[in-house]
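J.: One structure follows; several queries about it will come next.
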Amino acid sequence: MKRYCLPDELREELRKLHGELYPGDGVETAKQIIKGLNNYTKLISVGDIVTFNLLSAGLIPDISFVDDRTKRGPASDKIMRGTRHVLFKKITVENPAGIITEELLQEISRAMGENIPTQIFVKGEEDLAALPAIAIAPLSSVIIYGLPDKGAVLVRVTESKKKEIQSLLDRMKCKE
């Protein structure tokens with residue numbers, strides 16, 4: 001079974017920016033990001049606030065990851081309702097904090113191959129989903145994830161970015 005576990009020594013490294021920071025946490029930030037987007041293969045959002053803001057700004061992510069939580073607490077009803085969209089194919093996966101499960105990896109791969117917007121609802125923690133999403137996404141995709149109290153980070157998927165993230169994943173060995 002393929003899965004990844006986040007060791008303590010990697011936590012600090014994962015807090016580093018892996019893309020371009022757009023300060024703020026509202027719809028205006030999402031609009032700034034959208035303005036800077038050119039041709040992309042897939043647009044992937046990780047987190048309830050990022051997904052909410054993109055949808056509020058009129059952009060439907062190809063793949064979104066939500067868990068009905070924000071900053072370690074429950075998201076507001078407004079946010080939870082605002083992350084839903086009638087076009088989304090909804091998938092639910094179990095993914096405990098600090099782990100990337102095989103089930104999550106399989107659903108990310110499956111969603112990448114589909115042409116309908118897919119929302120992956122994560123029971124547990126969705127934060128780490130950005131890593132395999134970057135590693136699996138086709139080149140020229142963009143991943144947008146939230147950085148609490150800072151803003152949203154836009155990652156453009158290039159060959160070198162995929163290698164960088166894959167090397168991080170390779171260091172996330174699970175103690176069996």
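Rule-based calculations on the coordinates, nothing more; no lab input. All values derive from a computational prediction rather than experimental measurement. Ideal geometry is used to build each Cβ from the backbone, glycine not excepted, and the neighbour counts take in all protein chains shown.
J.: For the chain, modelled as a Gaussian network with Cα springs under 10 Å, which listed residue fluctuates most, E12, E28, E164?
T.: Ranking E12, E28, E164 by mean-square fluctuation puts E12 first.
J.: Taking the 0 to 90 degree range and rounding to the nearest ten, how far is the long axis of helix 159-170 tilted relative to the main principal axis of the chain, both from C-alpha atoms?
T.: 50 degrees
J.: Still on this structure: Please compute the contact order of the stretch 15-152 in relative form: average sequence separation of alpha-carbon pairs under 8 Å and at least six residues apart, divided by the residue count, as a percent.
T.: 34 percent
J.: I've got another one for you. Between R72 and H85, what is 0.36 nm times their sequence separation minus the Cα-Cα distance? Round to one decimal in nm.
T.: Working: separation 13, 0.36 × 13 = 4.68 nm, distance 2.34 nm.
Result for the pair: 2.3 nm of gain on full extension.
J.: Can you list the trypsin sites (Lys or Arg not before Pro) in the stretch 9-72 that are in a DSSP coil and have 14 or fewer other beta carbons within 10 angstrom?
T.: Numbers: sites: R11, R15, K16, K31, K35, K42, R69, K71, R72; in loops: K16, K42, K71, R72.
Answer by residue number: K16, K71, R72.
J.: Tell me which GluC sites (Glu not before Pro) from the stretch 39-140 have a DSSP coil assignment and no more than 12 other beta carbons within 10 Å of their own. Before the final figure, lay out the partial values.
T.: Details: sites: E94, E102, E103, E107, E114, E125, E126; in loops: E114, E125, E126.
Counting only loop positions with at most 12 other Cβ atoms within 10 Å, the GluC sites (Glu not before Pro) in the stretch 39-140 are E114.
J.: Still on this structure, I have one more. Consider all pairwise Cα distances in the stretch 21-176 and report the whole-number % of them above 21 Å. It would help to have the intermediate numbers written out before the result.
T.: Working: 4833 of 12090 pairs.
For the stretch 21-176, the share of Cα pairs beyond 21 Å comes to 40 percent.
J.: Mind checking which of A97, L43, P138 is farthest towards the positive end of the stretch 4-170's charge dipole, using Cβ charges of +1 (Lys, Arg) and -1 (Asp, Glu) about the Cα centre?
T.: Projecting each Cα onto the dipole axis, the largest value belongs to L43.
J.: A follow-up question, please. If you keep only loop residues by DSSP, which trypsin sites (Lys or Arg not before Pro) in the stretch 101-176 have at most 15 other Cβ atoms within 10 Å of their Cβ? Working shown, then result.
T.: On the way: sites: R110, K123, K150, R156, K161, K162, K163, R171, K173, K175; in loops: K150, R171, K173, K175.
Counting only loop positions with at most 15 other Cβ atoms within 10 Å, the trypsin sites (Lys or Arg not before Pro) in the stretch 101-176 are K150, R171, K173, K175.
J.: Sticking with this one: Most fluctuating residue of I144, I116, I108 in a GNM of the chain with Cα springs under 10 Å: which is it?
T.: It is I116.
J.: Given the C-alpha centroids of the stretch 59-111 and the stretch 150-175, what is the distance between them in whole angstrom?
T.: Between the Cα centres of the stretch 59-111 and the stretch 150-175 lies a distance of 19 Å.
J.: Right, here's the next one. Assign one of three labels to the stretch 87-160, namely rounded, prolate or oblate, based on the Cα gyration tensor with a ≥ b ≥ c the square roots of its eigenvalues; rounded applies when a/c is under 1.5, prolate when it is not and a/b is larger than b/c, and oblate otherwise.
T.: Values: a/c = 1.44, a/b = 1.07, b/c = 1.34.
Note, shape of the stretch 87-160 comes out rounded.
J.: Just to confirm a number: summing +1 for Lys and Arg and -1 for Asp and Glu over residues other than Q106 whose beta-carbon lies under 14 angstrom from that of Q106, what do you get? Don't jump to the answer; show the numbers that get you there.
T.: Working: positive: K2, R3, R110; negative: E94, E102, E103, E107, E114.
Computed value for this residue: -2.
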